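Scroll down for the structure; my scribbles are underneath it.
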Ligand code: B12
């Protein structure tokens, strides 16, 4: 039986680290291996660092395993490669396997730091990848046809016990029928959605309650892609009187179904994270969002009417956005009394339509992947300079979380922003030097 360490490398500083949400890929695959008798640990580098290059320190456990599996997003790829190279240097016999959203599209790059790169979904291939030392190179992980046949993720394989996820992560479906230009979900998981059986999901929620979790976060890209199935899940949660509050991501169209909203409210939905993306109708069209400004307004109002908080997710920097868009966005959020919001900068993720468009137009000015985290400008916008767009990012966060509106949110957001500014001094200086107004 093999000793296997999964690593989710950390991203360079951004606010997301504070939420301590793990990627589920490591835990799902780790659970399959554990059930097959392997000894599995999952390291989250953002919670407990596994490598310090300046001190030449590498977590000892990583040199004593047979296989290391790294799960990489684009923003964490550089750090992942660094960790993989450091492990290979001290323990060349350890098999390094990479997978996740970044290696899926940049496999030729990733294989320079790994023995095996798995593109796509890992469930069907993970046992062979770990057990068969001759399986090397770049392989395709076939899409899972039945999500219910895999075990419920075992969170006990996370190594850092002092800082567990604040909310239990739960993923009940894969795929998205939409095709927004900045996203890679439909390319990776398909436009035809796959669902776990409702009973299997309920079993997982009951397990999390028994583990002491008071909150759940549904990782599904759209919690209500299939509204009837979502209603069935909610009815069962209500019938079972499950004592747990939850949040989820969805599109504005949830608000078009009154029964769904009522069930969500009764089943203890606390906050909905909605991909509003923009208040600029032209931008919504550019993003291929298939949603109008009225849909957004209607959604906020109806969620509030049902006692559900609204977290608005916005993406700034489309070809239709100009210097006024950020201001209009924040004004809209305040007028609509959105409870919380996040303002990401558009960034071309490998595998997305946006990447192909901007790359073919020669507008991507850096492929330093650690900057691809939604808080750095990495391409030339059409109606602003890169520096202006970067400034809009800071402006939106500062303006939205103002002292007058909510002193607690103001304090937290300023603390994070100040840290961000400190950590990104050189990145901003570089941008200034390169793109003077
Ligand atoms: C939860 C989530 C978050 C959480 C936590 C993420 C974290 N820990 O970093 C939060 C909200 C904090 C977050 C933040 C961000 N996210 Co996010 N997020 C997700 C989401 C919705 C679910 C992730 C998940 O668990 N999926 C379910 C599991 C089962 O899938 P998986 O982890 O990909 O694993 C499967 C395969 O990839 C593969 N696999 C994965 N790892 C490995 C390893 C090995 C060895 C093998 C063999 C296979 C393998 O097998 C797994 C099972 O099939 C995904 C969308 C999605 N549907 O996946 C986006 C997604 C991962 N996020 C994305 C992005 C871009 C961001 C942000 C930059 C936000 C933004 N502004 O756009 C930030 C950056 C955070 C950072 N760390 O830098 C992109 C990543 C694309 C990319 N190339 O990097 C995704 C894919 C969505 C998209 N828009 O395309 N995110």
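Rule-based calculations on the coordinates, nothing more; no lab input. Predicted, not measured: the structure shown is a model, and the values here were computed from it. Cβ atoms come from the backbone with ideal geometry, glycine included; neighbour counts cover every protein chain shown.
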Cα gyration tensor shape for the stretch 124-261, rounded if a/c is under 1.5, else prolate or oblate: oblate
Given the rule -39500 (n - 2.57) for each run of at least 4 DSSP H residues, summed and divided by the residues of the chain, what is its mean residue ellipticity at 222 nm, to the nearest 500 deg cm²/dmol? -11000 deg cm²/dmol
Nearest-0.05 FRET efficiency for residue 357 and residue 298 at R0 = 35 Å, using Cβ-Cβ distance, is 0.70
The stretch 1-70: antiparallel DSSP beta bridges as a percent of all, rounded to 5: 15 percent
By how many nm would the segment from residue 112 to residue 410 grow when fully extended, if each residue of separation counts as 0.36 nm and the alpha-carbon distance is taken off? 102.9 nm
Which whole-percent values make up P(r) of the stretch 3-141 when all C-alpha to C-alpha distances are grouped in 5 Å steps starting at zero? 2, 11, 23, 26, 22, 12, 4, 1, 0
Just how far, in whole angstrom, is the stretch 121-180 from the stretch 32-106 if you go by their alpha carbon centroids? 15 Å
Two decimals is fine: what's Rg over Rh for the stretch 230-349, C-alpha atoms, Kirkwood radius as Rh? 1.02
Length added when fully stretched, residue 227-residue 266, from 0.36 nm per residue minus Cα-Cα: 12.5 nm
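Give me Rg/Rg_expected for the stretch 280-437, where Rg uses Cα atoms only and Rg_expected = 2.2 N^0.38 Å with N residues.
Here the Cα radius of gyration is 1.08 times the empirical estimate.
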Separation between the residue 207 and residue 285 pseudo-spin-labels, each 7 Å from Cα along Cα→Cβ, expressed in nm? 4.8 nm
Over all alpha-carbon pairs in the chain, figure out the percentage whose distance exceeds 26 Å. 58 percent
Find the centroid of the Cα atoms in the stretch 210-255 and in the stretch 290-367, then give the distance between the two in whole Å. 24 Å
Taking every DSSP beta bridge with both residues inside the chain, roughly what % is antiparallel (nearest 5)? 10 percent
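Quick one: of the DSSP bridges fully inside the stretch 244-400, what percent are antiparallel, nearest 5?
In the stretch 244-400, DSSP labels about 5 percent of beta bridges as antiparallel.
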Residue with peak Gaussian network fluctuation, the chain [Cα springs, cutoff 10 Å], from 375, 292, 402: 402
Binning every alpha carbon pair distance of the stretch 128-193 at 5 Å from zero, what are the percents per bin? 3, 11, 14, 14, 17, 22, 13, 4
Using a 7 Å offset from the Cα along the Cα-to-Cβ direction at both residue 425 and residue 88, what is the distance between the two label points in nm, to one decimal? 3.4 nm
If we sort 121-131, 143-153, 343-353 on the protection proxy, mean other Cβ atoms within 10 Å, highest first, what's the order? 343-353, 121-131, 143-153
